[in-house]
Amino acid sequence: MKKKLAIIFVFAAIGCMAPAREVSGTVKKNDGAPVPGALVTDGIAWTQTGSDGEFKIDVRNGQKFLILHEASEWRAISRYLPLTETAKYSFTVTSLQESGGGAPVRFLQVADTETSTFEFVPEVRRIADEYGADFVVNTGDLCRFPGIADHAEHFTAAALGREVFFTVGNHDIVATPEDGRNYQDYLGPYWYSFERGGVMFITMAMNYGDVALPYALEDYGDWLAGLLKLTGDKPYILLGHNLPGQQMPPVIPSHNGPVQLDNRLLGIFFGHWHLNMELGCAELKAKAYCVAPPNKAGIDHDPASVRLVTVSPGGISDASIVYPHSQVPYFEITGAPVTVDGVSYFCDPRGETSAVDSDGRVLWTVPPVRSGVPPSRTGCTFADGVLYAGFGLDLKAITPDGLVLWRNTEWNGSHSFMGRITVANGVVISGSQWQGIFANDAATGKLLWKSGIEDLRFTTATVTYADGSLWAKGFKKVYRIEPKTGEIQRIYDIGVEIQTATPVLVTTDMLIVGSARSGVYALDKFSGETKWHFDGMTAGMVSMAPYGGTVRGIEAPLALQDGELFIPALDGNIYVLDVKNGTMKEKISVGAPMLEAPTQIGKDRVTVATVNGQATVKRF
């Protein structure tokens, strides 16, 4: 009988391909039986085994691995083999009962685990065990060396009790250390694919790194286009660190133009932005999902979480956010709406701003000028008869009847400001996470100044305006700033990490500052000395503090009423203190973490928003 051998290549534009050499090999089961139709790639070109399980492929010089596309019905002993001088390669697989169309697949996504402490791993495993995850995927930013090597050692199948997959992040594309080993030496190919439950999971290339990319994005596009062509009508999910093109539908270049994604795409799962969000588009039925870093890992100040996904060939039935101690639905909250004279003003994550009357009728809408990610989360601020809304190039001033007075044209941000817009003596104070505070003229939109202090690049709290000054939080310091010039008037060194979303509360004689890990501090506004320190909280139910450790902090604004300080904490309690000396007068159990100040404070009850919804609880 004549041997049948199917060879399929992805062609690139003439002149784009480096010299290649032919290699061959086999894909066989562990009992020696051939595996026909198996897909093999060098990361650019594809080939397929014949009926005898044999393949040939032209491998381009510079490629590091020969990679097997793992099917639902079998598992490879090794999914990739290092390319050497040899011309013959053998893959061995083990058959499974799975036929490719059985029970739904459930996986857990984590992202941006930029830490080497690995306190977060037991929590991830607990969630994976509790919800029966089939595998865990870490969508990148393991953060340079030793982070990459540490993840290869500690974030493993043995530690998590199930398969583990990685995708490459921008902070994983770094200069090669002195030992000559890079990301691929520890974790394998920059991109690859596999199947589970009749669904393809396809990893994505990162579009930039700390150093120049070690690959061409067009090569990835060629590889992806070839895979999609070979796999007929099989549904697929894209896994990666960043959303290609930072928009939906994604833009993936190849040597033959953008790769055309189709309705086989079930969803895209990515990280990079350190926040929880979902994006959709009219062109594709699929959504893109981003997840914040897990508890005790990563940076920034979205509630620490992982994403639990259930998928079958028919689609994604669940893509829930799971918080460390409970699973709750996630809703995108983009700052609080503002209600003035019976009209509510909203700014959604795209930057679209609307006015709605008390009957729910939309009076007007101002569309955004930007698209894609990151979302706008600053909400709206109403001051002196003008509405201020948006972020970056969508920061704008609008009259109550919807007339745009100005749009910011002088700065754009890589990441939305975590706080809300402050209007201070004719100056609009906003900002960009990782870039700092920006001040625009409230009347004209002209940029007046930008904070030049490295410590203020990561401002996460709304900037307070009090006593004619701005009060902004850095990592461990509070800065008093002149609003019109940006001049630093005074610096208060707290000495502990205060990088949270809790604004500075300014009283007649004190600054009250919430910390990330050790409660609340009250400083004498004039001497700068600590007047009292309250650290009576328990460990938080959720964590938004960078890089692990015990979290006894707050992320919500403080509330002051009749000499009592109300502290809505991450441990699910509201602590009521005597503001003069920090003595605790009352502990109100709410039962869920709080990210906002109480909306109503009465003598017998308090109403507050929690991550589980609004709660009204009795006092005493």
Problem set entry | Residue tally, condition open to solvent by 20 Å² or more (accessible area, probe 1.4 Å) and farther than 18 Å from Met277 by Cβ, over region 403-419 | 7
Problem set entry | Residues located in region 566-585, provided they are at pLDDT 95 or above and among the charged types (D, E, K, R) | Asp578, Lys580, Lys585
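Quick one: count up the residues across region 213-224 that are outside any loop (DSSP other than H, G, I, E, B) and open to solvent by 50 Å² or more (accessible area, probe 1.4 Å). Spell out the reasoning first.
Looking only at region 213-224, we keep the residues that are outside any loop (DSSP other than H, G, I, E, B), and these are 217-224.
Imposing the further condition that a residue be open to solvent by 50 Å² or more (accessible area, probe 1.4 Å) reduces the set to 218.
Counting residues in region 213-224 that are outside any loop (DSSP other than H, G, I, E, B) and open to solvent by 50 Å² or more (accessible area, probe 1.4 Å) gives 1.
Pick from Gly32, Gly43, Gly62, Gly50: which is without any contact (Cβ under 8 Å) to a residue 40 or more places away in the chain and assigned to a loop (DSSP other than H, G, I, E, B)? Show your work before the answer.
On the way: Gly43 fails: without any contact (Cβ under 8 Å) to a residue 40 or more places away in the chain; Gly62 fails: without any contact (Cβ under 8 Å) to a residue 40 or more places away in the chain; Gly50 fails: without any contact (Cβ under 8 Å) to a residue 40 or more places away in the chain.
Result of the check over Gly32, Gly43, Gly62, Gly50: Gly32.
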Problem set entry | Residues (of a type in the set (A, V, I, L, M), under 21 Å from the mean Cα position of the chain (by Cα) and within 20 Å of Tyr215 (Cβ to Cβ)) located in region 153-193 | Val168, Ile173, Val174
Exercise. When you look at Phe475, is it of a type in the set (A, V, I, L, M, F, W, C), within 26 Å of the chain's Cα centre (by Cα) and open to solvent by 60 Å² or more (accessible area, probe 1.4 Å), yes or no?
Worked result: yes
Problem set entry | Lone qualifier among Met584, Met594 - being open to solvent by 20 Å² or more (accessible area, probe 1.4 Å) and hydrophobic (A, V, I, L, M, F, W, C) | Met584
For this session: Any residue in region 593-618 that's within 21 Å of Gly553 (Cα to Cα) and modelled with pLDDT of 85 or more: show its pairings with residues that are open to solvent by 30 Å² or more (accessible area, probe 1.4 Å) and part of a strand (DSSP E or B) at Cβ separation under 6 Å, as long as the two are six or more apart or on different chains.
Result: Glu596/Ala609; Thr607/Gln600; Thr607/Thr616
Problem set entry | Tally, over region 199-212, of residues that are under 22 Å from the mean Cα position of the chain (by Cα), of a type outside the set (Phe, Trp, Tyr) and open to solvent by 10 Å² or more (accessible area, probe 1.4 Å) | 5
For this session: Go through region 439-454 and give me each residue that's at pLDDT below 95 and open to solvent by less than 40 Å² (accessible area, probe 1.4 Å).
Result: Ser451
Exercise. Quick one: in region 282-299, which of the residues that are free of Cβ contacts under 8 Å to residues at least 60 places away in the same chain and open to solvent by 30 Å² or more (accessible area, probe 1.4 Å) is nearest to Thr113 (Cα to Cα)?
Worked result: Lys287
Exercise. If we keep just the residues of region 490-540 that are of a type in the set (Gly, Ala, Ser), open to solvent by 20 Å² or more (accessible area, probe 1.4 Å) and in contact with a Phe, Trp or Tyr (Cβ under 8 Å, 6 or more places away or on another chain), which is nearest to Leu577 (Cα to Cα)?
Worked result: Gly536
Exercise. What are the pairs, 6+ residues apart or on separate chains, where a residue within region 499-511 that is closer than 15 Å to Ala556 by Cβ has its Cβ under 8 Å from a residue that is among the small types (Gly, Ala, Ser) and part of a strand (DSSP E or B)?
Worked result: Thr500/Gly514; Thr502/Gly514; Val504/Ala472
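Only one of these is free of Cβ contacts under 8 Å to residues at least 60 places away in the same chain and either open to solvent by 50 Å² or more (accessible area, probe 1.4 Å) or not polar (S, T, N, Q) (or both): Ala103, Ala149, Ala87. Name it. Please lay out each step first, then the result.
Values: Ala103 fails: free of Cβ contacts under 8 Å to residues at least 60 places away in the same chain; Ala87 fails: free of Cβ contacts under 8 Å to residues at least 60 places away in the same chain.
Among Ala103, Ala149, Ala87, only Ala149 is free of Cβ contacts under 8 Å to residues at least 60 places away in the same chain and either open to solvent by 50 Å² or more (accessible area, probe 1.4 Å) or not polar (S, T, N, Q) (or both).
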Problem set entry | Meets criteria (modelled with pLDDT of 95 or more and either over 18 Å from Leu224 (Cα atoms) or touching a Leu at 6+ places or on another chain (Cβ under 8 Å) (or both)) for Leu265 | yes
Seminar exercise, completed: Considering region 225-243, residues that are assigned to a loop (DSSP other than H, G, I, E, B) and either at pLDDT 95 or above or polar (S, T, N, Q) (or both), and then whichever is nearest to Leu68 (Cα to Cα), we arrive at Thr231
Exercise. Restricting attention to region 38-52, which residues are open to solvent by less than 40 Å² (accessible area, probe 1.4 Å), over 19 Å from Gln63 (Cα atoms) and not aliphatic (A, V, I, L, M)?
Worked result: Thr49, Gly50, Asp52
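Filter region 73-95 down to the residues that are assigned to a loop (DSSP other than H, G, I, E, B), among the hydroxyl-bearing types (Ser, Thr, Tyr) and modelled with pLDDT under 95 and list them by number. Give the derivation first.
From region 73-95, those assigned to a loop (DSSP other than H, G, I, E, B) are 73, 77-79, 83-87; that's our starting set.
Narrowing further to those that are among the hydroxyl-bearing types (Ser, Thr, Tyr): 78, 84, 86.
Listed by number, the residues that qualify are Thr84, Thr86.
Could we say that Leu266 is open to solvent by 10 Å² or more (accessible area, probe 1.4 Å) and in a strand (DSSP E or B) here? Spell out the reasoning first.
Working: open to solvent by 10 Å² or more (accessible area, probe 1.4 Å): yes; in a strand (DSSP E or B): yes.
Spelling it out, Leu266 is indeed open to solvent by 10 Å² or more (accessible area, probe 1.4 Å) and in a strand (DSSP E or B).
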For this session: Please tell me if Pro483 is open to solvent by less than 30 Å² (accessible area, probe 1.4 Å), within 20 Å of Gly519 (Cα to Cα) and touching a residue at least 40 places away in the same chain (Cβ under 8 Å).
Result: no
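The values are calculated or read from the model by the stated rules, or taken from the named source; none is laboratory data. Worth saying up front: this structure is predicted, and the values here are computed from it rather than measured. Quick reminder, even Gly has a Cβ in these numbers, built from the backbone with ideal geometry, and neighbours come from all protein chains shown. Ligands, DNA and RNA are excluded from the accessible area calculation, which covers all protein heavy atoms including side chains. Shrake-Rupley method; radii C 1.70, N 1.55, O 1.52, S 1.80 Å.
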